[in-house]
Amino acid sequence: MPAFACTTFLSAFLLFLVQPLIAKQILPWFGGSSSVWSVCMLFFQAELLIGYGYVHWLHEHLSTRRQVIVHGILLVLSLAMLPVAADPQWKSFASSNPSLGVCMVLALSVGAPYLMLSTTGPLMQAWYARVHAAGAAGASSARPYRLYALSNLASMAALIAYPIAVEPVFEVHTQSTLWSALYAGFVAFCLSTALLVWRRHDREASVEVSGATDAPEPGKLQCLLWAGLAATASILLLSLTRQLTSDVAPVPFLWVLPLALYLLTFILCFDAPRYYVRPLFLAAVPIALFAIHYAIDRASGVALPVGLICAALFVLCMVCHGELTRRKPAVRHLTLFYLMLSIGGALGGTLVGLVAPAAFNAYYELPLGLLSCASLTVIVLWSASAARWRIVMLIVLAAYAVRLGLMSLEYTQGYRLVMRNFYSQTRVEDRYLGEPDAKRVMLHGTIVHGEQLLAPALRRTATAYYCESSGVARAIQSLPAERPRKLGIVGLGAGTLAVYGRTGDTLRLYEINDQVIEAARSQFTYLSDSPATIIPVLGDARLMLEGEPSQQFDLLAIDAFSGDSIPVHLVTLEAMQMYLTHLAPEGILALHITNHYLDLQPVMAAAAASLDRTALVFDLDPNSATPHCRHSVWVLMLPPAVAAALPEPLRAGLPAQGRPGFRPWTDSFSNLFEVLQR
């Protein structure tokens, strides 16, 4: 058992450790949006499906010794892809179809090693069942499934270890090197376990796996139920994680908590089925569904909705995975069982990560996941229920389907515009607070990305984070007035900064999301009202600027929100060095760092010190004197000449607060934990 357990644990640990490692490398190439993580998860689920399909084919068509030979050869061949790393030349994949580009880069950088790791869990269980079929076969027949629980425990350990012990300590290049070395060790370990299977095969070849001769092959309906339960859990995990990180609290790391709970339910259900107390958890399903709706519709603050949604996810995943363990087949058919689980997981990931952003204008996958969970609960209770209870369940299910339909309508009702694509969901709504305060607002989740007053006399008034008292407005006001100015803006939003454009000025606007450009033009008038020359540039700003000659901007404003934080790849030392090459000799770099959860001042201070710049912070708290402003924090990085003789508009700034020993963020190193708000 120790050999199989160690191989299984190491494979699962490396499987989950490489996911954030490689995703972090390619995140800057695809705009740094959360959708990159979703597509990465979809790719890894698809790889898992291929791996489980391969194991099922081995198990059904080859003898144990031939399995050892085939798998051993593939393991050795996979070493040719080491070290795992994303080649910068593959950035071109990001230019056309980002979803396809992410998958192509992942396949080229980590495809073969990940595929071999994905096969290990079910293959070790199948080999263990064959090797230990002799003797106390009845006692050992359930033990292979415990290896699956062990693999999920290893996955959770890797999930926790990466942000706590790996990312804060090692640069990305070092992470790749260490992971590759561990993978080589895993290959050696797996080959030694395969050798053990080879040696014991002759002695036990004549002994059938317990229950193999009399275990009927699972029917199609059973297979569909396995896949449906796995798909439902996957949809709920991904859609509720999006709900948490977009509409409840866009906190970095919050995606870890739902995934940890998801893995915990696997561990509990497959390690010891007694943890799934069926009557208790099935009775808790309606409560969990109600808790989700309450958290979305009525709960205030952060702690309560996060707690309710996570508790509900735990209950629903316990039901899905608990019902899977109740229906797991004899070990003779365990590879088919895991194949159907992987098919379900891949289908759920495909719906949320690939289909939904392309086909839906709102986040309809959550109602679909909730309806699927309610329907499957009825299905698993159907055979054990009397006729009158079946009627009651159908009525309740129909009523709940209506409720979910109304919930789906609420996603778009009351909004002038709702659009969605790979990068985000963009919504525009009118808020009538009484004249002259009626305004139009652009939203991403709960975060305002710009707003415009609707009164004709006020529609050219700068608002929100860009009002005349904000840091970026002060920076523009400090620029020479006697000549045309050239301004660069990363992140369009509603286009508010265009109000500062004068005749003769040039505004070069970098925006990665074409839907944001469409909304800014069709729903707001900042761009059309500006007398300046507006030049929109579609694409990731960093990639676009890297490919352009020096623009000699008088001011370059970095305002690329992703939820409630700036994408990390836009605030690294390498990124800022590149920004400086596009500034005029006395040009100003302005960075918007307003954030409820992260304190980015130390990042700015460390970068300014490395770049020989002065970083001034403008922290605006609106009051009666600034009625159309929102709280904003801007950091202006000034060249020595400007810092030595500060213009009047910039004298209210305060030096950015650094921390002793704070390490500047680079493309290879960043640590979000150390900048959490205290």
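Bear in mind that the values in this text are calculations on the coordinates, not laboratory data. Just so it is clear, the structure is predicted and the values come from calculations on it, not from any experiment. Please note: Cβ atoms are built from the backbone with ideal geometry, for glycine as well, and neighbour counts cover all protein chains shown.
Tell me the mean residue ellipticity at 222 nm calculated for the chain from its helices only (DSSP H runs of n ≥ 4, each -39500 (n - 2.57), averaged over every residue, nearest 500). Could the numbers behind the result be given before it?
Values: 22 runs with 356 residues, N = 678.
It lands at -17500 deg cm²/dmol.
Could you tell me, in Å, what Rg and Dmax come out for the Cα atoms of segment 463-675?
16.2, 48
On a 0 to 90° scale, report how tilted helix 278-297 is relative to the longest principal axis of the chain, with both axes built from alpha carbons and the result rounded to the nearest 10.
10 degrees
If Lys and Arg each add +1 and Asp and Glu each add -1, what is the summed charge of the other residues whose beta carbon sits under 14 Å from the beta carbon of Leu225?
Details: positive: Lys220, Arg326, Arg327, Lys328; negative: Glu323.
Result for the neighbourhood of Leu225: +3.
For helix 256-271, report the angle its Cα long axis makes with the longest principal axis of the Cα atoms of the chain; keep it between 0 and 90° and round to the nearest 10°.
Result, in degrees: 10.
To make sure I understand, if each residue's beta carbon is the centre and we count other beta carbons within 10 Å, what order do Cys467, Cys6 fall in, fewest to most? Show your work: numbers first, answer last.
Details: Cys467 21, Cys6 17.
Ranking Cys467, Cys6 by Cβ neighbours within 10 Å, fewest first, gives Cys6, Cys467.
Can you tell me the dipole magnitude for the chain around its Cα centre, using point charges on the Cβ only (Lys, Arg +1; Asp, Glu -1), in Debye to the nearest 20?
Values: 44 positive and 43 negative charges, 369 e Å.
Charge dipole, the chain, about its Cα centre: 1780 debye, nearest 20.
Which whole-number percentage describes the relative contact order of segment 463-675, with Cα contacts under 8 Å and a sequence gap of 6 or more? Provide the component values of the computation, followed by the final result.
On the way: 427 pairs, mean separation 48.8, N = 213.
Normalised by residue count, the contact order of segment 463-675 is 23 percent.
Tell me which trypsin sites (Lys or Arg not before Pro) from segment 410-448 have a DSSP coil assignment and no more than 14 other beta carbons within 10 Å of their own. Display every interim value, and only then the final one.
Details: sites: Arg416, Arg420, Arg427, Arg431, Lys439, Arg440; in loops: Arg416.
In loop regions of segment 410-448 (DSSP not H, G, I, E or B), the sparsely surrounded trypsin sites (Lys or Arg not before Pro) are Arg416.
First obtain the Kirkwood hydrodynamic radius of segment 454-583 from its Cα pairs, then insert it into the Stokes-Einstein equation at 25 °C and 0.890 mPa s, and state the resulting D in µm² per second as a whole number. Spell out each step's value before the answer.
Working: Rh = 15.1 Å.
Here the translational diffusion coefficient equals 162 µm²/s.
For Pro28, what is the net charge nearby, where nearby means another residue's Cβ is under 10 Å from its Cβ and Lys, Arg count +1, Asp, Glu -1?
On the way: positive: Lys24, Lys91, Arg542; negative: Asp540, Glu574, Asp667.
Cβ neighbours under 10 Å give a net charge of 0.
Starting at 0 and stepping by 10 Å, how many percent of the alpha carbon pairs of segment 215-356 end up in each bin?
Percent of Cα pairs in each bin: 12, 39, 34, 12, 3, 0.
For segment 409-489, what is the relative contact order in percent, using Cα pairs closer than 8 Å and at least 6 residues apart in sequence? Let's see the in-between values first.
Working: 99 pairs, mean separation 11.3, N = 81.
Relative contact order here is 14 percent.
If we count other beta carbons within 10 Å of each Cβ, what is the order of Ser239, Ser424, fewest first? Walk me through the numbers on the way to the answer.
On the way: Ser239 23, Ser424 26.
Starting with the residue having the fewest Cβ neighbours, the order is Ser239, Ser424.
Could you work out how far the C-alpha centroid of segment 10-82 sits from that of segment 480-545, in angstrom?
If we compute the Cα centre of each part, the gap is 43 Å.
Give me the net charge of Thr325's neighbourhood, meaning all other residues with Cβ under 13 Å from the Cβ of Thr325; Lys, Arg count +1, Asp, Glu -1.
Details: positive: Arg146, Arg274, Arg278, Arg326, Arg327, Lys328; negative: Asp271, Glu323.
Result for the local shell: +4.
If one computes the Cα centroid of segment 163-180 and of segment 102-134, what distance in Å separates the two points?
Using only Cα atoms to place each centre, the spacing works out to 23 Å.
How far is helix 334-350 tilted, in degrees, relative to the longest principal axis of the Cα atoms in the chain, given as a value from 0 to 90 rounded to the nearest 10?
Once rounded, one gets 20 degrees.
Over the chain, what is the relative contact order in percent, taking alpha-carbon pairs closer than 8 angstrom and at least six residues apart?
Numbers: 1139 pairs, mean separation 87.2, N = 678.
Over the chain, the number comes to 13 percent.
Match the structure shown to one of the listed values (i) 31.6; (ii) 49.1; (iii) 29.1 of mean projected area of the Cα convex hull in nm², computed from it, and give that label.
Here mean projected area of the Cα convex hull in nm² agrees with entry (i).
How would Met442, Met104 line up from fewest to most surrounding beta-carbon atoms within 10 angstrom? Present the calculation step by step, with values, prior to reporting the outcome.
Numbers: Met442 26, Met104 16.
By the 10 Å Cβ count, ascending: Met104, Met442.
Output needed: Cys residues of the chain lacking any neighbouring Cys C-beta below 4.7 Å, sorted by number.
Cys6, Cys40, Cys103, Cys190, Cys223, Cys269, Cys310, Cys317, Cys320, Cys373
Compute for segment 258-319: radius of gyration divided by Kirkwood radius, i.e. Rg/Rh, restricted to C-alpha atoms, rounded to two decimals.
Values: Rg = 12.3 Å, Rh = 12.1 Å.
Value, to two decimals: 1.02.
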